[in-house]
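So the structure is just underneath, and the comments pick up after that.
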Amino acid sequence: MCGIIGFTGDNVPAVPILVDGLKKLEYRGYDSAGVAYFKDNKIEITKSKGRLTVLEDLLKTKKGTDGTVGIGHTRWATHGEPSDINSHPHISNSGLFAVVHNGIIENYATLKEELKEKGCNFLSDTDTEVIAHLLETSYDGDFISTVKKAASRLEGSYALGILCKENPGQIVCVRRSSPLIIGVGTDGNYIASDITAILTHTRKIYQLDDGEMALLTPKKVTIFDEDGKEIAKKVEKVTWDVAAAEKGGYEHFMIKEIMEQPHVLAETISPRIASDGSINLDGIDFTKEQLKKVNRIYILACGSAYHVGVVGKYVIEKLTSIPVEIDLASEFRYRNPLVDSNSMVIIISQSGETADTLAALREAKTKGARIISIVNTVGSSIARESDDVLYTWAGPEISVATTKAYSTQLSLVYLFAIYVANKLNKIGDAEVKKLLSELNALPDKISEILKLAPQIETLANRYAYLEHAYFIGRNLDYAVALEASLKLKEISYIHSEAYAAGELKHGTISLIEKGTFVVGLCCCERLVDKTVSNIREVKARGAEVLALAVEGNDAVAKEADRTLYIPSTHEIFMPSLEVVPMQLLGYYIAKARNCDIDKPRNLAKSVTVE
Ligand code: G6P
């Protein structure tokens with residue numbers, strides 16, 4: 001979603017740094033972009049709707065863009081359509097304050113009325129413009145105390161980067177429920193909503209906590225708590241590789257990230273299996289008595305992370321016999337869920353910042369549940385607010401459509417399920433050993449499957465111009481169908497749906513006609529015959545069927561038009577293998593259709609608003 005970058009330096013022009021940082025944030029999804037910088041002791045704004053190239057062309061037409069302090073923003077519209085005027089930064093009427101904002105100001109309408117009465121003139125439809133005017137009308141001659149006063153009036157979520165005309169060379173930033181970091185560089189200091197924006201300049205960062213503010217000058221970063229008291233914070237060192245955040249020779253981040261899966265899966269699994277065969281969940285420990293008290297496990301997540309949860313329900317229930325409810329975070333938060341202190345809640349999120357998931361976490365926490373999160377972004381809000389965190393060591397995921405995060409999340413769900421089942425004596429040590437050995441073998445099996453890429457690319461050219469797709473499967477095959485269908489639709493814009501194969505007869509089969517594309521997932525050995533019957537039914541109505549089956553199963557190929565084969569593994573781990581050819585299918589179909597694969601229209605990598 002929206003992205004923030006800011007820089008104040010010594011003798012270094014800020015605008016190129018801002019534009020470069022915004023490029024690194026492009027993957028989050030945006031519809032407009034802008035920068036604010038100092039020119040002749042005044043704040044100058046350049047902003048426009050559209051891609052960053054539009055902003056760059058506009059900046060080339062301007063003189064005096066060599067100032068050494070500035071803030072920049074990529075906007076993903078929430079209040080007001082994407083337009084030049086609604087783009088950030090927003091500036092107060094006399095030009096005293098300029099502001100960039102991520103998040104949503106929930107009481108903006110009330111504040112707007114109040115500010116209008118005070119004579120403020122609003123130019124945009126955004127909630128953010130309220131902040132610029134609020135700063136100007138609150139100005140008391142001191143930058144920090146003015147920001148503190150204005151921020152105390154804001155309800156909702158915000159990460160703000162602010163310039164003040166009276167304080168050239170300074171940036172003030174503040175956050176609440178929206179991520180913001182500070183980078184400490186050699187030529188100056190940075191603010192950013194995301195580490196990737198500043199990684200080429202510095203690896204030394206401060207993570208701001210809710211309510212904290214900071215004053216940046218080229219040489220110094222001063223951090224304040226909510227009450228305006230100066231505080232000492234520890235500088236953290238980012239260990240991410242810059243190359244890991246770049247394409248490394250691949251045409252798209254998505255295919256690079258698909259190909260990285262064997263490696264990141266091994267990184268996530270191996271260190272958690274001790275040499276004596278026991279599972280080490282990063283120090284998370286439950287006694288048998290604690291686990292016996294758990295009456296229900298809730299898995300809460302959005303998007304693909306939710307689909308990991310659907311697999312999780314089947315697997316955890318099968319291994320532990322504890323009932324599992326899987327809920328979309330956006331539904332859970334408003335349905336007064338029956339969570340209590342005997343519930344265990346698993347939160348799954350790549351970014352750790354998804355607004356609905358964070359709200360669901362907070363809802364569950366107030367009801368006394370123990371919260372375990374599976375998160376990729378270290379230090380993210382979800383990680384910090386959970387009782388226990390299991391990090392997926394997938395590295396930065398740039399493509400909006402998730403692949404390696406999904407796979408690593410799944411591997412942690414498996415480990416967790418095996419750990420709990422063993423603690424509860426539902427499975428013995430011998431079974432644990434067998435399962436862990438299969439789990440350890442997944443990266444190599446995925447490497448084998450990735451060799452199907454050329455074959456899948458050829459197939460994809462055949463299906464690229466179809467208008468509809470249906471993915472069917474039963475049990476864990478159905479759980480994968482959900483993800484396979486989302487992958488295809490979000491990047492190729494082909495209408496696609498996933499159905500539990502047994503549900504076809506209850507309506508969807510009426511949509512099947514000559515040439516309708518159906519993907520039949522047939523890897524759940526126990527139920528293959530049933531799904532094959534469903535394939536027969538759609539074939540009889542003219543469907544063009546691509547099947548996915550386990551090597552050696554010839555029955556499927558007899559019914560489908562084409563069949564892709566994957567290696568065998570233990571039933572519960574099949575989703576990890578099945579999803580890979582489905583990711584490749586979505587990717588190559590989108591490529592054949594010439595889609596903007598890494599930045600699909602209207603989507604954002606990190607959905608930090610409701
Ligand atoms: C967005 C992304 C999805 C992701 C979902 C949840 O919609 O495009 O790929 O699954 O958010 O994000 P999270 O960061 O919480 O996993």
Within the chain, helix-based [θ] at 222 nm, where runs of 4 or more DSSP H residues each add -39,500 (n - 2.57), nearest 500: -11000 deg cm²/dmol
Tail fraction, Cα-Cα pairs, the chain, threshold 39 Å, whole percent: 34
The chain, relative contact order [Cα under 8 Å, separation at least 6], %: 12
Helix 14-25 vs. the chain, principal-axis angle (Cα, 0 to 90°, nearest 10): 20
Whole-percent carbon and sulfur share, accessible surface of the chain, 1.4 Å: 48
Residue 512 - accessible surface, heavy atoms, 1.4 Å probe, Å² rounded to 10: 20
Qualifying trypsin sites (Lys or Arg not before Pro) in the range 1-88, DSSP loop, other Cβ atoms within 10 Å at most 13: 62, 63
Between the range 436-460 and the range 291-365, the alpha-carbon center distance in angstrom: 29
Amide H within-cut-off set for residue 563, under 5 Å, with H built and near neighbours excluded: 547
Phi to ³J(HN,Hα) by Karplus 6.51 cos²θ - 1.76 cosθ + 1.60 over the range 596-610, Hz, x for Gly, Pro: 7, 4, 6, 10, x, 4, 6, 9, 10, 5, 10, 8, 8, 10, 5
Gyration tensor verdict on the range 453-592 (Cα atoms; rounded if a/c is under 1.5, prolate if a/b is larger than b/c, oblate otherwise): rounded
Counted charge near residue 485, where neighbours are those whose Cβ lies closer than 14 Å (Asp, Glu -1; Lys, Arg +1): -4
Compactness of the range 248-446, expressed as Rg and Dmax over alpha-carbon positions, Å: 16.2, 52
Trypsin sites (Lys or Arg not before Pro) restricted to DSSP loop in the range 355-463 with at most 11 other C-beta within 10 Å: 451
Accessible solvent surface per residue of the chain, calculated while the other protein chains remain in place, 1.4 angstrom probe, Å²: 38
Under 21 Å, Cα to Cα: Lys pairs in the range 401-458, sequence gap 8 or more or different chains: 7
Nearest-10 value in Å² for the accessible area of residue 40, using the 1.4 Å probe: 130
Alpha-carbon Rg/Rh ratio, for the range 3-238, with Rh computed the Kirkwood way: 0.93
Trypsin sites (Lys or Arg not before Pro) restricted to the range 255-312 and DSSP loop, no more than 13 other C-beta within 10 Å: none
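The values are calculated or read from the model by the stated rules, or taken from the named source; none is laboratory data. The structure presented is a predicted model; accordingly, all values stated were derived computationally and were not measured. Backbone-built Cβ (ideal geometry, glycine too); neighbour counts: all protein chains shown. SASA here: full protein model, heavy atoms, side chains in, ligands and nucleic acids out. Shrake-Rupley method; radii C 1.70, N 1.55, O 1.52, S 1.80 Å.
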